[in-house]
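Read the structure below first, then the notes.
The values are calculated or read from the model by the stated rules, or taken from the named source; none is laboratory data. Computed from a predicted structure; not experimentally measured. Heads up, the Cβs are rebuilt from the backbone with ideal geometry, glycines too, and the neighbour counts pull from every protein chain shown.
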Amino acid sequence: MPAVPSPTDFVLGVDFGGTKLDVATATLDGRIVTSQRLPTTAAEGAGQAVQRALDCARTLADHTATTTGGRLVAAGASSPGIVLEDRILLAPNVPGWTELPLAARLRDGLALDTVVTETDVKAAALAETRWGALHGADPGVFLSLGTGLAAGIVIGGRVLHGANGAAGEIGYALRGTHDELGAADGRAPLEEYAGGRAIGERGGRLLGETLSAADVFARAESDLDARMLVDETLAELAVHVANLAVLLDPARIAVGGGLMASAEPILAALRRRVRRAVPFPTEVVAARFVHDAPLRGAIALAIDAAGPVPAAPGLAQVIETH
């Protein structure tokens with residue numbers, strides 16, 4: 001039976017993103033001790049991404065043990081897709097990711113029994129509920145606007161998973177009766193229109209050059225065509241968010257993800273539609289952890305898995321590094 005954690009012990013969090021890997025150690029009250037960000041290099045496959053994350057994790061854990069005098073007692077990991085014990089569903093962007101037994105690889109690589117895994121957006125929703133913009137909101141919704149689209153739904157302080165772990169996968173929402181193709185065809189209609197990758201691709205076709213979503217939002221400040229594309233995209237996205245608010249009647253919606261680099265027009269569009277469409281208009285705010293919410297959620301999962309720790313003075317000094 002695992003030993004009861006001491007106040008100097010620590011946990012490890014890993015977020016496997018499509019473009020970046022975030023690794024951090026944290027105290028048992030959630031304060032980050034040391035962290036590092038690596039590129040995913042997704043085209044090179046899942047195996048190398050996990051191995052580099054493990055190499056980094058062991059280095060950070062050794063450093064933290066030396067700094068704090070504590071031991072690594074649990075690890076949490078977040079990933080795109082629905083993370084099962086032997087594979088990951090709905091995660092097509094990294095070759096080999098769907099066949100990955102992520103928890104087992106982490107347990108073996110860290111020589112650690114207590115390892116928990118979660119979908120990235122659900123982990124982010126947990127972090128925002130515990131420490132961020134959704135604290136005290138019941139129900140609460142974390143809306144992730146990045147390369148893809150998803151929502152984390154929190155009810156009674158617990159993240160809703162659904163019957164198959166797919167609650168909140170709004171990227172698969174149909175845009176209207178014209179959408180004949182959907183999940184059964186490997187399509188995600190809303191994400192293919194309003195996700196970050198789609199915005200960049202649509203903007204590139206419209207303007208005749210290779211663009212990212214950030215480029216399109218920047219061009220919208222001075223280019224009429226880009227402005228129309230952004231306005232149309234946000235108007236449609238806002239309809240889906242308003243419908244979600246009508247369905248759930250949440251106390252608050254916190255918006256995060258990479259697209260929130262352009263927070264002002266996004267929040268304005270969502271608030272305008274919610275204010276006019278929802279019987280009891282929901283508060284729409286920026287997430288607290290815009291850039292690392294899934295990592296913070298992985299840390300929260302690890303803390304929960306580690307179990308309660310006796311209160312004691314004299315926690316080691318926290319040192320944040322990046």
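Details
- Residue list for region 136-150, filter: within 17 Å of Met260 (Cα to Cα) and either charged (D, E, K, R) or surrounded by 24 or more Cβ atoms within 10 Å (Cβ to Cβ) (or both): Val141, Phe142, Leu143, Ser144, Leu145, Gly148, Leu149, Ala150
- Going through (1) within 13 Å of the chain's Cα centre (by Cα); (2) not assigned by TED's automatic domain parsing to the domain that holds Val230 one by one, Ile153 falls short only on (2).
Conditions (1) surrounded by 15 or more Cβ atoms within 10 Å (Cβ to Cβ); (2) of a type in the set (S, T, N, Q); (3) in a strand (DSSP E or B), marked per residue:
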| residue | (1), (2), (3) |
| --- | --- |
| Val116 | yes, no, yes |
| Glu128 | yes, no, no |
| Leu134 | yes, no, no |
| Ala167 | yes, no, no |
| Gly176 | no, no, no |
| Leu206 | yes, no, no |
| Thr210 | no, yes, no |
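- Selection status of Glu236, more than 23 Å from the chain's Cα centre (by Cα), modelled with pLDDT of 95 or more and outside the structural domain of Leu90 (by TED's automatic domain parsing): no
- Residue pairs whose Cβ atoms lie under 9 Å apart, sitting 6 or more positions apart in sequence or on different chains, and linking a residue in region 45-57 that is free of Cβ contacts under 8 Å to residues at least 40 places away in the same chain to a partner that is polar (S, T, N, Q) and surrounded by fewer than 19 Cβ atoms within 10 Å (Cβ to Cβ), are Gln48/Thr41; Arg52/Thr41; Cys56/Gln36.
- Just one of (1) on the phi > 0 side of the Ramachandran plot; (2) modelled with pLDDT of 95 or more; (3) touching a Phe, Trp or Tyr at 6+ places or on another chain (Cβ under 8 Å) fails for Ala111. It is (3).
- Unmet criterion (only one of (1) outside any strand (DSSP E or B); (2) under 24 Å from Arg252 (Cβ atoms)) for Ala151: (1)
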